[in-house]
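To keep things clear, I will list the structure first and then write my remarks on it.
The values are calculated or read from the model by the stated rules, or taken from the named source; none is laboratory data. These numbers come from a predicted model, not from an experiment. Reconstructed Cβ throughout: ideal geometry from the backbone, glycine too, with neighbour counts over all protein chains shown.
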Amino acid sequence: MKGWKVLPWEEPRPGAWQMALDEALFREAEAGREDQPVLRLYRWAPPCLSLGRHQDPEVAADGAFCRARGIDVVRRPTGGLAVLHDDEVTYAVVAPMDRPPFAGLNLMETYGRIAGALVEGLRGLGLPAELSRRRVSPAPLSAAPCFQVPTENEILVHGRKVVGSAQLRGQRAFLQHGAVPLALDYRLLLRATGRGDEDETPYRAAFAGLREFLPGLTAETLRDALLEGFRKTLARP
């Protein structure tokens, strides 16, 4: 992909390893030692609950339940709300803010540019993906899992959120990463976030895994589609 560094697709790794690598890539770019945008697509094993950098783990996670079920709990370098990573493909973009294709863009403009690449990739699979233009008040830091809160420039299929993203901005560079779930276990998510008594119906209505629309979709096929979306929209001519 011209003008980008695309890291290899690897076997699934634990959450602490994945977050450490995303943060290390950001630190390299922030220090000026990487001047190309970097794209990484990856998977998780074992399942992992990642918390936004400002969330209180005592409120946002049921630590005892996660330990009993073999679910890792990690803190992301980015903000946002809790995400349960299991059967999904995660993307990470690390890029300098003074070079194409993100030169001069603010936070929401950067979100929008990356969202456009993700939408293009999902449409390549035949999904009617679109950007949400809704403006909603931010949720309290530990009020709900990430996918429960669609906001502007979120990616929807049939009105349901299918990508959850968060961003960290420094002085010279940014990191944005996000989950693109293939399948979701709503009850497991609620238990892991300490909301096991809640009705899962509103969560099912708000967000979805892609296999609800494309049964049989594999991680490798989704990976290839996302790469193509980035190539078509953000690679240099």
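Would you confirm whether any residue within the stretch 128-139 is at pLDDT below 90 and in contact with a Gly (Cβ under 8 Å, 6 or more places away or on another chain)?
Initial filter on the stretch 128-139 (at pLDDT below 90): 132-139.
Checking the rest, the ones that are also in contact with a Gly (Cβ under 8 Å, 6 or more places away or on another chain) come to none.
Looking for residues that are at pLDDT below 90 and in contact with a Gly (Cβ under 8 Å, 6 or more places away or on another chain), one finds none in the stretch 128-139, hence no.
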Pairs returned, first residue in the stretch 202-219 that is in a loop (DSSP other than H, G, I, E, B), second residue that is among the β-branched types (Val, Ile, Thr), beta-carbon separation under 7 angstrom, 6 or more apart or interchain, are Ala208/Val157; Ala208/Val162; Phe213/Val157
Residues of the stretch 158-201 being free of Cβ contacts under 8 Å to residues at least 40 places away in the same chain, of a type in the set (Asp, Glu) and out of contact with any Phe, Trp or Tyr (no Cβ under 6 Å at 6 or more places or on another chain), in sequence order, are Asp197, Glu198, Asp199
Please tell me if Val6 is within 21 Å of Glu220 (Cβ to Cβ), out of contact with any Asp or Glu (no Cβ under 7 Å at 6 or more places or on another chain), surrounded by 19 or more Cβ atoms within 10 Å (Cβ to Cβ) and modelled with pLDDT of 95 or more.
no
Taking the stretch 75-109 and keeping only residues that are in contact (Cβ under 8 Å) with a residue 24 or more places away in the chain and charged (D, E, K, R), one is left with Arg75, Arg76, Asp86, Asp87, Glu88, Asp98, Arg99
Residues in the stretch 18-44 that are loosely packed, with under 15 Cβ neighbours inside 10 Å and either closer than 18 Å to Asp86 by Cβ or under 19 Å from the mean Cα position of the chain (by Cα) (or both) total 2
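Only one of Gly104, Gly79, Gly70 is touching a His at 6+ places or on another chain (Cβ under 7 Å), part of a loop (DSSP other than H, G, I, E, B) and over 22 Å from Trp9 (Cβ atoms); which? Outline the logic, then answer.
On the way: Gly104 fails: touching a His at 6+ places or on another chain (Cβ under 7 Å); Gly70 fails: touching a His at 6+ places or on another chain (Cβ under 7 Å).
Going through Gly104, Gly79, Gly70 in turn, the sole match is Gly79.
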Flagged in the stretch 108-127 as modelled with pLDDT under 95, surrounded by fewer than 20 Cβ atoms within 10 Å (Cβ to Cβ) and in contact with a strand residue (DSSP E or B) (Cβ under 8 Å, 6 or more places away or on another chain), in numbering order, are Gly112
Residue hits (the stretch 43-73; under 20 Å from Gly196 (Cα atoms) and of a type in the set (A, V, I, L, M)) are Leu49, Leu51, Val59, Ala60, Ala61, Ala64, Ala68, Ile71, Val73
- [ ] Check the stretch 50-58 and report whether any residue there is surrounded by 19 or more Cβ atoms within 10 Å (Cβ to Cβ) and in a loop (DSSP other than H, G, I, E, B).
- [x] yes
**Report entry** Verdict on Glu198 being farther than 17 Å from Arg113 by Cβ and outside any helix (DSSP H, G or I)
**Finding:** yes
Only one of (1) over 20 Å from Gln171 (Cα atoms); (2) surrounded by 15 or more Cβ atoms within 10 Å (Cβ to Cβ) does not apply to Glu11, and that is (2)
